[in-house]
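Following: one structure in structure tokens, then a few remarks.
The values are calculated or read from the model by the stated rules, or taken from the named source; none is laboratory data. Being a predicted model, the structure only gives us computed values, none of them experimental. Glycine gets a Cβ as well: all are built from the backbone with ideal geometry, and neighbour counts include every protein chain shown. Heads up: the accessible areas ignore ligands, DNA and RNA and are worked out on the full protein's heavy atoms, side chains in. Shrake-Rupley method; radii C 1.70, N 1.55, O 1.52, S 1.80 Å.
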Amino acid sequence: MDPRIPRLRRKLDAIPFQPLRSHSFGEEQHKFCLGPKLAEARVAAFEAEHDIALPDAYRQFLTHIGGSGAAPFYGLMPLERCSLLVMNPREEPGTPCGFDEAEPGGHGRDLFLHVIEMGCTDVCVIEVTGPLTGRVLIGNSDGLWGPKVSSANFLDWYERWLNHMSAGRDNPALELTSPQLRAHPDRHRMAPKIRLSVTTPRKVSQNPFS
């Protein structure tokens, strides 16, 4: 088992009771509760069905922490609801890329697993094949903004969410709002959503998400 697992469990257990933590958008949905851990056999069956190998950090989370629930945005989707996506090619250089459902058996392109519910057409994915395998990305299926690429694997990205929330930080990319900003009457004007797009799907954006 990854040594980060016990630490993440402790931090997640403590978060709901920290009065000065940030508010995480969507927390009312999952209420910081996790679904049951997944058996290795269930994960292996999913991998075999889709002919992929799940990145180790994400796999460790599913089998040792929880199979759904508490996570950034609306939370981690159950594995059976996760779908494989491909990134849309850009029409013009520098424009945002969207995501489409991957065709069955169409593994000629880099694949991304949609793992976290963000709402509307926004998606949070993990690359499962390609040069950024294991990295977390957020974007928009219709190519309205992004994608933004994290420098972290799933466990590190998840711990960053917990750490920033515990410290009471604002993080627009993770949709965390500090107690100070939530108390300000003009908070929506002061902290608009920042949607920074990368100039290429393979460039890691330098932003709070990273």
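Here are some notes:
- LEU132 long-range amide H proximity, modeled H, under 5 Å: none
- A Förster radius of 25 Å, combined with the Cβ-Cβ distance separating ASP2 from ASN88, puts the computed FRET efficiency at roughly 0.15.
- Computed across the chain, the Kirkwood radius stands at 17.6 Å (inverse of mean 1/r, all Cα pairs).
- Near the amide H of ASP142, within less than 5 Å, lie the amide hydrogens of PHE99, all on another chain or at least 5 residues away, with H placed in the peptide plane.
- ³J(HN,Hα) computed for each position of the range 27-34 - Karplus, 6.51 cos²θ - 1.76 cosθ + 1.60, integer Hz, glycine/proline x: 5, 5, 6, 9, 6, 6, 9, 10
- Accessible area (Å², per residue) of the chain, counting only protein heavy atoms and a probe of 1.4 Å: 48 Å²
- Cα centroids of the range 121-176 and the range 6-80: 14 Å apart.
- If you sort THR63, THR129 by accessible surface, 1.4 Å probe, largest first, the order is THR129, THR63.
- Database remark: amide H of LEU76 closer than 5 angstrom to the amide H of GLY69, ALA70, ALA71 (H placed geometrically; neighbours at sequence offset of 5 or more, or on other chains; Pro and chain starts carry no H).
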